[in-house]
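Chemist: The structure follows.
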Amino acid sequence: MTEPILVHGTAIAIERRAILLRGAPGSGKSDLALRLIDGGARLVADDQTELRRVGDRILARAPKTIAGLLEVRGVGILHLDRVNEAQLAMLVDLVPSSEVERLPEKRFEEVLGLAIPLITLAAFEVSAAAKVKIAHRELRLSLSPAILVR
């Protein structure tokens, strides 16, 4: 087990597997998380996510001070049912639509010594939540959620 690291990002869980949404402030992390939660996902952490490696898995959880809280612009801080911890399965970098590749190659990013699948999306596109769910499903069907790097 490694010491936990704190990363800037919002994590949701689909079938107890965490998806970490990353991006600049205002890029739509919490907005996309809310749409995913509305569609059946569960909150893991909003804005800051704690990651730690246990064997060949990376576990995501919320820092205690913000556990169960989701900031929704225009509404305020919401208290939501949450998952205490979930295995990190995928990273989603949120960027403007003009930066999303039309037909991207499969990509991975090293996190705590494991290669985690990575996709890039525009959070405010109507189809963004569906794209996350489809990518998660395809990933689950095609390969292990983490590949050992070292």
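Chemist: Criterion first (out of contact with any Leu (no Cβ under 8 Å at 6 or more places or on another chain) and within 22 Å of residue 36 (Cα to Cα)) does residue 73 satisfy it?
Modeler: Working: out of contact with any Leu (no Cβ under 8 Å at 6 or more places or on another chain): yes; within 22 Å of residue 36 (Cα to Cα): yes.
For residue 73, the condition - out of contact with any Leu (no Cβ under 8 Å at 6 or more places or on another chain) and within 22 Å of residue 36 (Cα to Cα) - is met.
Chemist: May I ask you to say which residue of 117, 63 is touching a residue at least 24 places away in the same chain (Cβ under 8 Å) and surrounded by fewer than 20 Cβ atoms within 10 Å (Cβ to Cβ)? First the steps, then the outcome.
Modeler: Working: 117 fails: surrounded by fewer than 20 Cβ atoms within 10 Å (Cβ to Cβ).
Within the list 117, 63, the selection yields 63.
Residues are listed down the side, and each one gets a yes or a no for (1) under 14 Å from the mean Cα position of the chain (by Cα); (2) not in a loop (DSSP other than H, G, I, E, B):
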residue	(1), (2)
50	yes, yes
60	yes, yes
65	no, yes
71	no, yes
74	no, no
77	no, yes
84	no, no
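Chemist: Another one. Go through (1) touching a His at 6+ places or on another chain (Cβ under 9 Å); (2) assigned to a loop (DSSP other than H, G, I, E, B); (3) among the hydrophobic types (A, V, I, L, M, F, W, C) one by one and return the number of the condition residue 1 breaks.
Modeler: (1) is the only condition that residue 1 fails.
Chemist: With respect to residue 139, determine if the residue is at pLDDT below 95 and either surrounded by 16 or more Cβ atoms within 10 Å (Cβ to Cβ) or within 17 Å of the chain's Cα centre (by Cα) (or both). Let's see the steps before the verdict.
Modeler: Numbers: at pLDDT below 95: yes; either surrounded by 16 or more Cβ atoms within 10 Å (Cβ to Cβ) or within 17 Å of the chain's Cα centre (by Cα) (or both): yes.
When the stated conditions are applied, residue 139 passes them.
Chemist: Would you confirm whether or not segment 32-50 contains a residue that is crowded, with 21+ Cβ neighbours inside 10 Å and on the phi > 0 side of the Ramachandran plot?
Modeler: no
Chemist: Now, a different point. Pick out the one residue from 3, 15 that is at pLDDT below 95 and over 21 Å from residue 132 (Cβ atoms). Please lay out each step first, then the result.
Modeler: On the way: 15 fails: over 21 Å from residue 132 (Cβ atoms).
Only one candidate qualifies: 3.
Chemist: Being over 16 Å from residue 136 (Cα atoms) and part of a strand (DSSP E or B), is that true of even one residue in segment 31-38? If you could, list the steps in order and put the result at the bottom.
Modeler: Of the residues in segment 31-38, the ones over 16 Å from residue 136 (Cα atoms) are 31, 34, 38.
From what is left, the residues that are part of a strand (DSSP E or B) are none.
Scanning segment 31-38, I find no residue that is over 16 Å from residue 136 (Cα atoms) and part of a strand (DSSP E or B), so the answer is no.
Chemist: Among (1) surrounded by fewer than 20 Cβ atoms within 10 Å (Cβ to Cβ); (2) touching a helix residue (DSSP H, G or I) at 6+ places or on another chain (Cβ under 7 Å); (3) of a type outside the set (D, E, K, R), where does residue 126 come up short?
Modeler: So the condition that residue 126 fails would be (2).
Chemist: Could you check how many residues of segment 123-137 are touching a residue at least 60 places away in the same chain (Cβ under 8 Å) and either more than 25 Å from residue 57 (Cβ to Cβ) or of a type in the set (Gly, Ala, Ser) (or both)? Reasoning before the result, please.
Modeler: Residues of segment 123-137 that are touching a residue at least 60 places away in the same chain (Cβ under 8 Å), as a first pass: 123-124, 128-129, 132-133, 136.
Now drop any that are not either more than 25 Å from residue 57 (Cβ to Cβ) or of a type in the set (Gly, Ala, Ser) (or both), which leaves 123-124, 128-129.
Going through segment 123-137 one residue at a time, the tally reaches 4.
Chemist: Quick check: is even one residue across segment 76-87 among the β-branched types (Val, Ile, Thr), touching a residue at least 40 places away in the same chain (Cβ under 8 Å) and surrounded by 11 or more Cβ atoms within 10 Å (Cβ to Cβ)?
Modeler: The first filter runs over segment 76-87 and keeps only residues among the β-branched types (Val, Ile, Thr), leaving 77, 83.
Next, from what is left, pick out any that are touching a residue at least 40 places away in the same chain (Cβ under 8 Å): 83.
Next cut, surrounded by 11 or more Cβ atoms within 10 Å (Cβ to Cβ) only: 83.
Yes, some residue in segment 76-87 is among the β-branched types (Val, Ile, Thr), touching a residue at least 40 places away in the same chain (Cβ under 8 Å) and surrounded by 11 or more Cβ atoms within 10 Å (Cβ to Cβ).
Chemist: Can you report the number of residues in segment 86-117 which are within 17 Å of the chain's Cα centre (by Cα) and polar (S, T, N, Q)?
Modeler: Matching residues across segment 86-117 total 1.
The values are calculated or read from the model by the stated rules, or taken from the named source; none is laboratory data. Being a predicted model, the structure only gives us computed values, none of them experimental. Using ideal geometry, Cβ is built from the backbone for each residue, glycine included, and neighbour counts are taken over all protein chains shown.
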